[in-house]
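The values are calculated or read from the model by the stated rules, or taken from the named source; none is laboratory data. Given the structure is predicted, the values throughout are model-derived calculations rather than measurements. For neighbour counting, all protein chains shown are included, and Cβ atoms are generated from backbone atoms with ideal geometry for every residue, glycine included. Ligands, DNA and RNA are stripped out before the accessible areas are found, and what is left, the full protein with its side chains, is counted by its heavy atoms. Shrake-Rupley method; radii C 1.70, N 1.55, O 1.52, S 1.80 Å.
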Amino acid sequence: MKPAQLAAENDRDPRPRLEFRKAEGALIPHVESYYLFRHDGRDVEGIERVDLGQLRFVIKGSGTVHFPDGHAESTKKVMINGPGTSAASYRMQGPFHCFGVSLRAIGWKALIGLPAYKVADHIVDGEKLFCEQAGLLWHRLHKMDTLEEMIAAIEPLLRMRQQEVKPVPAAHLVFLRAVREWAATKDPTIDDLYARIRKSSNIGERQVQRLCKDYFAGSPAHLKRKFRAIGAAMRIYQGARVDEVVGPFSDQSHMINEIRQFTGHTPTSLRAGIDPVLALTLTNETFHFLPDVIPESVDLRRR
């Protein structure tokens, strides 16, 4: 290696850096936040907890995502990650830079338009879904240095996509509001979810199950497990004792297994040796959290 190359290698910051901004304006109903992840190390490894849908532009580097069923897929320049069923791991060849859009559940339907269960634990080629506009934006992002520039560049593409995909039906908004309220309760039950939806609509249990698959890639029971495990992981990472968090679970072993499935960590490893990016999402509650499936108060009419 030449001296100049060696100096460049030594100057790389091995620590991951993650910036994010909450969505504003007309896209609030559909987009929760934007983020820019940079890791200038040579090898980048980590664990990604379950989340709602993500739209990502890989600006620098490439790698592989390993999904819970054991299969692996290579990253794409523009990629869409559907709502996951369990935590996934990744290994990237750095430096690795990625600009992403964290979608709300309503945004998954309004901007992506694919049933979540059909693409769960898979990477979808964003260039095929968004056509040539996504590829053109990918090239433009290479010339940008700040997250603010990237947000300004992608918003026209997202607004255009809003007009291309059918509006979210009113009944689905009732369902999503009920999910938000249900997930915020201390120990949500499936019967409680059905009851909340019955109060304001004629959506039956079968339709609730179908909508859960379309928006969250699983049944109401699986959705409950996601909410419960991520909520417990956040509390433990932020300092709560295990005995303060175990209540909604059948016992401590059950809690440990559930947290491991959905975050890739045990309660012990959440506090020692945790993946740095996962740590950021568990530390800051303003970063995208699963129950934030739909804004509490926003005009959801087509804009």
Exercise. Could you list, in sequence order, all residues of segment 202-246 that are open to solvent by 30 Å² or more (accessible area, probe 1.4 Å), over 18 Å from Phe262 (Cα atoms) and not acidic (Asp, Glu)?
Key: Asn202, Gly204, Arg206, Gln207, Gln209, Arg210, Gly239, Arg241
Quiz item: How many residues does segment 181-201 hold that are outside any helix (DSSP H, G or I) and either open to solvent by 20 Å² or more (accessible area, probe 1.4 Å) or among the β-branched types (Val, Ile, Thr) (or both)?
Solution: 6
Quiz item: Limited to segment 64-111, what total is found for residues that are over 17 Å from the mean Cα position of the chain (by Cα) and of a type in the set (Gly, Ala, Ser)?
Solution: 4
Quiz item: Among Ala178, Ala152, Ala110, which is closer than 20 Å to Val31 by Cβ and crowded, with 22+ Cβ neighbours inside 10 Å?
Solution: Ala110
Quiz item: Are there any pairs, at least 6 apart or on different chains, whose C-beta atoms fall under 9 Å, with the first in segment 205-226 and farther than 21 Å from Glu48 by Cβ and small (Gly, Ala, Ser) and the second part of a helix (DSSP H, G or I) and open to solvent by 10 Å² or more (accessible area, probe 1.4 Å), and if so, which?
Solution: Ser219/Ile190; Ser219/Gln209; Ser219/Lys213; Ala221/Ile190
Quiz item: Do we have any residue at all in segment 168-175 that's without any contact (Cβ under 8 Å) to a residue 24 or more places away in the chain and surrounded by 14 or more Cβ atoms within 10 Å (Cβ to Cβ)?
Solution: no
Quiz prompt | Unique match (being of a type in the set (D, E, K, R), out of contact with any Phe, Trp or Tyr (no Cβ under 9 Å at 6 or more places or on another chain) and closer than 30 Å to Ala110 by Cβ) among Arg260, Arg241, Arg196, Arg210 | solution = Arg210
